[in-house]
Amino acid sequence: MVKIAPSILSADFANLGRDIQRVSSAEYLHVDVMDGAFVPNITLGVPVVQSIRKCTDMFLDVHLMVDKPVRYIEAFAKAGADLLSVHLEADHPKHIAQALDIMGQCGVKKAVALRPITSPNAILPYIEQLDMVLVMTVEPGFGGQSFMENQLDTIRQVRAIIDRYNPACELEVDGGVSPKTAPLVIEAGANVLVAGSAVYGTPDPAAAIAALRG
Ligand code: DX5
Ligand code: ZN
């Protein structure tokens, strides 16, 4: 069963409560945090997650595109995140491990994210404790980019690692997911699909969510 995670990056931030209600048929709400350092763009931070938590019961899947994310795990957990994903490229492995430990202590689900350049094997030190692996199918930073087809092989390799070491772990794909590319990523082994422009770029987000399920 495939889960859909609409990304509010493509929502209207001046009408965020309304735009969150519009995607309530989805399983997860994907929240992109960008710091202007790990990625060139700046989006939102802890206070916004706090406000989102007050206006929805949806599962909050918070994607941290920030340098040294270990500094912010506790704050985002307290703000109401249900799951946090940290990029493996954002700090030294020992600090990534520390970030995952703090997630465990705070009672939030644990995920690691991979930029397109990163080898699937980079998840091996953490795989047994993860709830999710996030594979980027665009260079992180902006919505509305084209899907990178060569990442299908990365998805397949991550799926093989998950099946071998932690079959309960979810595999989320983020970037350029549309009704056209969704069947490809599902076939490659993804079970959670992030979609920003494919959901909010249409007049009927609920229909777009249904279309992504295929
Ligand atoms: C990009 C973000 C994505 C973004 C996806 O760095 O991580 O979550 O919102 O947008 P689309 O679905 O438009 O590619
Ligand atoms: Zn994202």
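The values are calculated or read from the model by the stated rules, or taken from the named source; none is laboratory data. What you are looking at is a predicted structure, and each value in this text was computed from that prediction instead of being measured. Every residue, glycine among them, receives a Cβ derived from its backbone with ideal geometry; neighbour counts consider all protein chains shown. These area figures cover heavy atoms from the full protein model, side chains too; ligands, DNA and RNA do not enter into them. Shrake-Rupley method; radii C 1.70, N 1.55, O 1.52, S 1.80 Å.
Before moving on, here are some points about what is shown:
- Residue with peak Gaussian network fluctuation, the chain [Cα springs, cutoff 10 Å], from 109, 180, 68: 180
- Candidates 31, 133, 108, ranked by Gaussian network fluctuation over the chain, Cα under 10 Å, top entry: 108
- Stokes-Einstein D for segment 16-64, Kirkwood Rh over Cα pairs, 25 °C, 0.890 mPa s (µm²/s): 213 µm²/s
- Based on every Cα atom in segment 54-175, Rg and the maximum pairwise Cα distance Dmax equal 13.8, 39 Å.
- Rolling a 1.4 Å probe over the protein heavy atoms gives the chain an accessible area of 42 Å² per residue.
- Carbon plus sulfur fraction of accessible area for segment 112-153, probe 1.4 Å, in percent: 49 percent
- When the pairs 68/180; 78/180; 54/110; 54/94; 68/109 are compared against a 28 Å limit on Cα-Cα distance, 68/180; 78/180; 54/94 fall above it.
- Look at the alpha carbon pairs under 8 Å that are at least 6 residues apart: their mean separation over the length of segment 25-122 gives a relative contact order of 25 percent.
- Fluctuation leader among 99, 37, 75 - the chain, Gaussian network, Cα springs under 10 angstrom: 37
- ³J(HN,Hα) computed for each position of segment 20-37 - Karplus, 6.51 cos²θ - 1.76 cosθ + 1.60, integer Hz, glycine/proline x: 6, 4, 5, 10, 5, 7, 7, 7, 10, 10, 8, 10, 9, 9, 10, 10, x, 10
- Using alpha carbons only: equivalent-ellipsoid semi-axes of segment 1-110, gyration tensor based, whole Å: 23, 15, 12
- Residue 109 long-range amide H proximity, modeled H, under 5 Å: 83, 84
- Take the Kirkwood radius over Cα pairs of the chain, plug it into Stokes-Einstein at 25 °C and 0.890 mPa s, and you get 146 µm²/s for translational diffusion.
- Potential lengthening between residue 202 and residue 2 on full extension [0.36 nm per residue; Cα-Cα distance subtracted]: 69.9 nm
- Annotation note: GluC sites (Glu not before Pro) in segment 9-89 located in DSSP loop regions with a Cβ neighbour count of at most 10 within 10 Å are absent.
- Summarising the amide proton neighbourhood of residue 133: residues at separation of 5 or more, or on other chains, whose placed amide H is nearer than 5 Å comprise 170, 171, 172.
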